[in-house]
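The values are calculated or read from the model by the stated rules, or taken from the named source; none is laboratory data. Remember, predicted model here, so these are calculated numbers, not experimental data. Cβ coordinates were reconstructed from backbone atoms using ideal geometry, including for glycine residues, and neighbour counts include every protein chain displayed.
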Amino acid sequence: MQLHSCGLAAGLLAVSAALPATAQELTEAWRTGGFMSPESVSYDAGTGTLFVTNINSPDMSANGEGYVSQLSMEGEVMNEQFVTGLNAPKGTLVADGMLYVAGVEELVAIDIAAGEVAERYSAPGAGFLNDVTQTEDGTIYVTETGQGAIYALQDGELTQVLADPMLAGANGIVADGNMLNVATMGDISGGFENLQPSNVKVVDTADMSVSDYASPEGVGALDGIEMMDGQVMVTDNMGGRLVSIAEDGTVTELASVGGGAADHEYIPEEGMVLIPNLQTGEVVAWQMN
């Protein structure tokens, strides 16, 4: 395990943690600290590096102080402020040489090779854009947490294509073919401290119908979501857990990762899970054994 720090952050205590085997055995590989509310990690195979969003806005407002950091696969900070001037940047997607970043009310496309913003797509009426994915047909979709909605980038325009009570607190999103799996936090109108356990929803992009993934039973305050061997892997932000949910509804805890776990990245070919933590300001790499 390695410990690195970003910027002027104080050194962080890093203790290697091996967890009892469940569906997988995970061992902490490294952790890097000093981020400003890191919300999302994405892997870019083209550069072999990781991109981390830093919200850097205590009230989640569009203050223009958010930025993206670039890390090596070993957790070394290569460029603390790879791109700056973002508005509470959260979920990310790497596609076709671009890093797409969801901000407060816009989707930003960053040219990775150039290291600069290429396009900004405004979402009129949005106030809490959160995560990004791309379906098999090439369409990019973005969740809107406050509205329980989905936006789509089509013909250069970012427009709302679905709002449904079943998507209350829509957070992480990942495509499976042309289906969308959405990690929800549930009704957030009463504040995050009053959340009730929620689950994963499935959106069929053919008709925008919404259904439960496997089971309507609540799992937690779900944040990040990735596909793993035909299952979904989600972070429980409040419960501090990384769990998998099988198609039959079986929930398996993969690791105890601490409250504040947000939008993780899973790299199957490396057997690695990267989890940003909003509370500790760290990114932690877990190795599957």
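Below is a table of values for the structure above.
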quantity: Residue count, the range 236-264 (criterion: over 16 Å from SER37 (Cα atoms) and in contact (Cβ under 8 Å) with a residue 40 or more places away in the chain); calculated: 8
quantity: Count - residues of the range 124-141 that are under 19 Å from the mean Cα position of the chain (by Cα) and closer than 22 Å to MET185 by Cα; calculated: 11
quantity: Condition check for GLY218: over 17 Å from the mean Cα position of the chain (by Cα) and either modelled with pLDDT under 95 or within 30 Å of ASP59 (Cα to Cα) (or both); calculated: yes
quantity: Tally of residues being under 16 Å from TYR151 (Cβ atoms) and of a type in the set (Val, Ile, Thr) across the range 197-213; calculated: 3
quantity: Selected residue (criterion: farthest from ALA114 (Cα to Cα)) from residues of the range 61-90 that are hydroxyl-bearing (Ser, Thr, Tyr) and in contact with a Ser or Thr (Cβ under 9 Å, 6 or more places away or on another chain); calculated: SER72
quantity: Residue satisfying condition, being assigned to a strand (DSSP E or B), farther than 20 Å from ASN277 by Cα and not aromatic (Phe, Trp, Tyr), within set ALA118, ALA126, ALA114; calculated: ALA118
quantity: Residues (farther than 23 Å from THR184 by Cβ and of a type in the set (Ser, Thr, Tyr)) located in the range 58-94; calculated: SER61, TYR67, SER69, SER72, THR84
quantity: Matching entry among GLY224, GLY239, GLY281 (being closer than 17 Å to SER198 by Cα, surrounded by fewer than 24 Cβ atoms within 10 Å (Cβ to Cβ) and either of a type in the set (Val, Ile, Thr) or in contact with a Gly (Cβ under 8 Å, 6 or more places away or on another chain) (or both)); calculated: GLY239
quantity: Qualifying residue in the range 131-144 (condition: in a loop (DSSP other than H, G, I, E, B), in contact with a Leu (Cβ under 6 Å, 6 or more places away or on another chain) and of a type outside the set (Lys, Arg)); calculated: no
quantity: Residue in the range 104-114 that is within 20 Å of ILE55 (Cα to Cα) and within 13 Å of the chain's Cα centre (by Cα) present; calculated: no
